[in-house]
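The values are calculated or read from the model by the stated rules, or taken from the named source; none is laboratory data. Please read these numbers as outputs of a predicted model, since none were measured by experiment. We place every Cβ from the backbone using ideal geometry, glycine too, and count neighbours over all the protein chains shown. These accessible areas exclude ligands, DNA and RNA; they are computed on the full protein's heavy atoms, side chains included. Shrake-Rupley method; radii C 1.70, N 1.55, O 1.52, S 1.80 Å.
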Amino acid sequence: MKLKLTTSLVLLFLISILSTKMNAQNKDLQKLVDNTDKLWAGVQYTYGIGQVKKWQIKKGFCTEDDYKIPKKVGLITFYIKDDDYRTYDDIFVTSHKATKEKVNVVAQRIYEQCIDDIKKEYTTLGMELLTPFEFLAPINPSTGKRVIDEKLYETYTNYPLPTLENKASKWGLGGDQSAVAEEFRLLPYNNILVSGAKFANERFDYFSALGMDAYLIIAIDMTAAGEGVLKRVSATFHYKNPAYGTKTAYGAFIEIPTVNMIFKPPFKGIYLTEEQEYTNKKGKVKTKQVPVDLDPNVAVLVKTSAVAVGHHFVNTLNKSKK
């Protein structure tokens, strides 16, 4: 099995950001992005590094020095949680679902617009953020070329996750690699919240098998069909417990600093459009607004969430050392 280094997605949007005809950019979203103080005030922080750490050190299961900022962090998934788009008339409510190809394209577009900036910010925190392409195909020092780790690729792609995947299957997005940017596996941990040791151990075992000390998960809750509606952006940082393997009562990736940006009301009309001509069934030429790209400010919110959770992890880790 070989890692696809490039993936051809169905082109659903004509990428033409510089078009002067675009008029569908969300003005409220632009106002939020322009107001840095308001933007960061909307970031909701939960969890962190603290109580578990203190207890484990007190019991002698690890030391303060064992809690280190990881040098490498795997961006293990980048996905969209796609909701139905509903239309209403006097009698019926009709639900519309975007095709998996469209959701893939939207996820890919957001990813392309923000990944470089996110990686740069993590570098300033002392961490190298690696995409699956990078941690599954590391550079061979002798050749300078990337070499696919077949065993690791197989683990990332096909490790059994029955509890997670059973829940995700109910989203109605069938098909391999649905709802994610290129090369990513759909791992909707930010949306599939299941209590109990079975689900937790399934995640612990999977993350441990991949061999990294930390993982970042980015999720975008939105409606991809219709005009596009953005509801939430979330990012979680999964940090490997340095005491795991001792007699500690806690699992391998028990401490999960989390960031949410929830938009109430949600941002509607997040696709950029332009006026295009078409011929109707009667042969008359008319015009309509056609989506040609995604509002780039969506990627700004995703970047904000991803960067915020990285800082949240570092800040709470350092704070717990005082």
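List every residue pair whose Cβ atoms lie under 7 Å apart, where the two residues are 6 or more positions apart in sequence or sit on different chains, the first residue falls within segment 261-290 and is at positive phi, and the second residue, located anywhere, is open to solvent by less than 90 Å² (accessible area, probe 1.4 Å).
Here the result reads GLY269/ALA24; GLY269/ASN26; GLY269/GLU227; GLY269/GLY228, each pair linking segment 261-290 to a residue that is open to solvent by less than 90 Å² (accessible area, probe 1.4 Å).
Is it the case, given these coordinates, that ILE76 is touching a Leu at 6+ places or on another chain (Cβ under 8 Å) and either exposed (fewer than 13 other Cβ atoms within 10 Å of the Cβ) or at pLDDT below 95 (or both)?
no
Being under 19 Å from the mean Cα position of the chain (by Cα), surrounded by 14 or more Cβ atoms within 10 Å (Cβ to Cβ) and within 24 Å of PHE204 (Cα to Cα) narrows it down to one residue among LEU152, LEU130; which is it?
LEU130
Is there any pair with a first residue in segment 178-194 that is farther than 13 Å from LYS100 by Cβ and a second that is open to solvent by 40 Å² or more (accessible area, probe 1.4 Å) and of a type in the set (Ser, Thr, Tyr) whose Cβ atoms are under 6 Å apart and which are 6 or more apart or on different chains, and what are they?
GLU182/THR7
Give me the residue from segment 282-322 that is part of a loop (DSSP other than H, G, I, E, B) and among the basic types (Lys, Arg) and, out of that set, surrounded by the most Cβ atoms within 10 Å (Cβ to Cβ).
Out of the qualifying residues, it is LYS321.
Any residue in segment 241-255 that is surrounded by fewer than 18 Cβ atoms within 10 Å (Cβ to Cβ), within 26 Å of the chain's Cα centre (by Cα), farther than 19 Å from GLU202 by Cα and in contact (Cβ under 8 Å) with a residue 40 or more places away in the chain?
Among the residues of segment 241-255, not one is surrounded by fewer than 18 Cβ atoms within 10 Å (Cβ to Cβ), within 26 Å of the chain's Cα centre (by Cα), farther than 19 Å from GLU202 by Cα and in contact (Cβ under 8 Å) with a residue 40 or more places away in the chain, which makes the answer no.
With the requirement that a residue be open to solvent by 30 Å² or more (accessible area, probe 1.4 Å) and of a type in the set (A, V, I, L, M, F, W, C), what does segment 34-65 give you?
TRP40, ALA41, TRP55, ILE57, PHE61
I'd like to check something: does segment 135-146 contain any residue that is open to solvent by less than 20 Å² (accessible area, probe 1.4 Å) and assigned to a loop (DSSP other than H, G, I, E, B)?
Checked segment 135-146: at least one residue is open to solvent by less than 20 Å² (accessible area, probe 1.4 Å) and assigned to a loop (DSSP other than H, G, I, E, B).
Go through segment 180-189 and give me each residue that's open to solvent by less than 30 Å² (accessible area, probe 1.4 Å) and part of a loop (DSSP other than H, G, I, E, B).
ALA181, PHE184, ARG185, LEU187, PRO188, TYR189
Examine segment 267-281 for a residue that is under 20 Å from ALA219 (Cβ atoms) and surrounded by fewer than 19 Cβ atoms within 10 Å (Cβ to Cβ), and state whether such a residue exists.
yes
Consider VAL309 carefully, then state whether it is over 30 Å from LYS68 (Cβ atoms) and of a type in the set (Val, Ile, Thr).
So VAL309 does not fit the description; no.
Can you find even one residue in segment 123-131 that is assigned to a helix (DSSP H, G or I), farther than 17 Å from ILE256 by Cα and not aromatic (Phe, Trp, Tyr)?
Yes: segment 123-131 contains one or more residues that are assigned to a helix (DSSP H, G or I), farther than 17 Å from ILE256 by Cα and not aromatic (Phe, Trp, Tyr).
The rows are residues; the columns are (1) open to solvent by less than 10 Å² (accessible area, probe 1.4 Å); (2) in contact with a Leu (Cβ under 7 Å, 6 or more places away or on another chain); (3) in a loop (DSSP other than H, G, I, E, B).
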| residue | (1), (2), (3) |
| --- | --- |
| ASN191 | no, no, yes |
| SER195 | no, no, yes |
| LYS198 | no, no, no |
| GLU202 | no, yes, no |
| ALA209 | no, no, no |
| MET212 | no, no, yes |
| ALA219 | yes, no, no |
| ARG232 | no, no, no |
